[in-house]
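A.B. asks: I have a structure I would like to understand better, so I am pasting it below and will then ask my questions one at a time.
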Amino acid sequence: MKVLWISDYGNDHQGGAQRSNSLVIDEGIRRGHSIAEFNVGSDDGILHPEYDLLVSSNLEALYHKPRIIEWITTFPKHVRLEHDANRYLSQKDREALFTSCKKAFFLSNFHLKQFVDSYGDYFINTDIIPDPIDSLLFKDQGLDREDKILYVGNMHQLKGTNSLFSYAIENPEEEFVVAGWSQDPYFIQTCHTIPNIDFIGNVRFEEMPNLYNKYKKLFYTPAFYEPYCRSVAEAIFCGMEIISNDLIGCLHHMEEVGKEEMVSQCSRARGLFWESVECL
């Protein structure tokens, strides 16, 4: 198929959604599909009707583009791969997006439930496919671990980073390692002011399996729900203990199906997506 993949940021962006998109796109190319990508840096000329399939993913940074929602919702064969909470859309545009697509993919039953509870019960033709994670790469290496608490990823209010700071201050006997980044200098500056936090900055994706295997625990308590959270799932695959709250989709997924089945589903996720859309 000729496929147009619409997402606000390209695969060089360091967020979890972009990583997941990249893995699914690579699988589609491996299966013989021709995939063009449209994001914030793309020319609008790529938006033409000569594709067999349109996949829409994160759209927040594209929402301001004139008629982008109309263009997507009137495309004959459109599927929706939802990664987030979708709060940026108006109710009218959100309903048009989901009722016009041939299928909508959510990352967990927890994720879909949040949509139904928040927006209404108009999400039809849905499927649950978790974040794609390579279990051959992310696995417990059986190493002796340092008794430290790790935080990884974007530092932001919604990511619960202030909860990390409070927890570190309240537990001075614990040692913390922060491997992350932020567009707000407050978070990095605060890391340097708390004595038991070692800020090591952003770590390349290829180095993450070793990082997860180096420490005993991962801390992540988001202030808003996470549809799946691939970083927590990767840490679980690598045998880490998780300090968290009940707002993380992959923890609900693991509770539903067990760790072994969760690992299996994530390992097969990129193929499951294409198997589903190829049958439409």
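A.B. asks: Can you tell me which of 9, 88 is farther than 21 Å from residue 276 by Cβ, assigned to a loop (DSSP other than H, G, I, E, B), under 14 Å from the mean Cα position of the chain (by Cα) and modelled with pLDDT under 95?
C.D. replies: 9
A.B. asks: Which is within 18 Å of residue 230 (Cβ to Cβ), assigned by TED's automatic domain parsing to the domain that holds residue 235 and among the polar types (S, T, N, Q), of 196, 202, 162?
C.D. replies: The match here is 202.
A.B. asks: Would you pick out the residues in region 141-189 that are buried (at least 20 other Cβ atoms within 10 Å of the Cβ), assigned to a helix (DSSP H, G or I) and either on the phi > 0 side of the Ramachandran plot or over 24 Å from the mean Cα position of the chain (by Cα) (or both)?
C.D. replies: 168
A.B. asks: Test of understanding: among 193, 221, which residue is free of Cβ contacts under 8 Å to residues at least 24 places away in the same chain, of a type outside the set (D, E, K, R), out of contact with any Cys (no Cβ under 7 Å at 6 or more places or on another chain) and more than 20 Å from residue 139 (Cα to Cα)?
C.D. replies: So the residue among 193, 221 that is free of Cβ contacts under 8 Å to residues at least 24 places away in the same chain, of a type outside the set (D, E, K, R), out of contact with any Cys (no Cβ under 7 Å at 6 or more places or on another chain) and more than 20 Å from residue 139 (Cα to Cα) is 193.
A.B. asks: Filter region 44-67 down to the residues that are touching a strand residue (DSSP E or B) at 6+ places or on another chain (Cβ under 8 Å) and among the hydrophobic types (A, V, I, L, M, F, W, C) and list them by number.
C.D. replies: Residues satisfying the conditions are 46, 47, 53, 54, 55, 59, 62.
A.B. asks: Can you pull out every residue in region 234-280 that is among the aliphatic types (A, V, I, L, M) and within 25 Å of residue 166 (Cβ to Cβ)?
C.D. replies: Across region 234-280, the qualifying residues are 235, 236, 240, 242, 243, 247, 248, 251.
A.B. asks: Any idea how many residues of region 204-227 are modelled with pLDDT of 95 or more and within 24 Å of residue 158 (Cα to Cα)?
C.D. replies: Qualifying residue count for the region: 14.
For every residue, the table says whether it meets (1) in contact with a strand residue (DSSP E or B) (Cβ under 6 Å, 6 or more places away or on another chain); (2) at pLDDT below 95; (3) among the acidic types (Asp, Glu).
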| residue | (1), (2), (3) |
| --- | --- |
| 78 | yes, no, no |
| 92 | no, yes, no |
| 108 | no, no, no |
| 113 | no, no, no |
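A.B. asks: Could you grab me the full set of residues in region 213-227 that are outside any strand (DSSP E or B) and in contact with an Asp or Glu (Cβ under 8 Å, 6 or more places away or on another chain)?
C.D. replies: Result: 213, 214, 227.
A.B. asks: Suppose we filter 22, 56 for residues that are without any contact (Cβ under 8 Å) to a residue 12 or more places away in the chain and within 21 Å of the chain's Cα centre (by Cα); which single one remains?
C.D. replies: After applying the criteria, what remains is 22.
A.B. asks: In region 101-124, what residues are in contact with a helix residue (DSSP H, G or I) (Cβ under 9 Å, 6 or more places away or on another chain), in a loop (DSSP other than H, G, I, E, B) and without any contact (Cβ under 8 Å) to a residue 60 or more places away in the chain?
C.D. replies: Scanning region 101-124 gives 101, 120, 122, 123, 124.
A.B. asks: Here's a follow-up. Would it be correct to say that residue 98 is assigned to a helix (DSSP H, G or I), of a type in the set (Phe, Trp, Tyr) and surrounded by 19 or more Cβ atoms within 10 Å (Cβ to Cβ)?
C.D. replies: When the stated conditions are applied, residue 98 passes them.
The values are calculated or read from the model by the stated rules, or taken from the named source; none is laboratory data. Since the model is a prediction, treat every value here as computed from it, not as a measurement. Because the Cβ atoms are built from the backbone with ideal geometry, glycine has one as well, and the counts that use them run over all protein chains shown.
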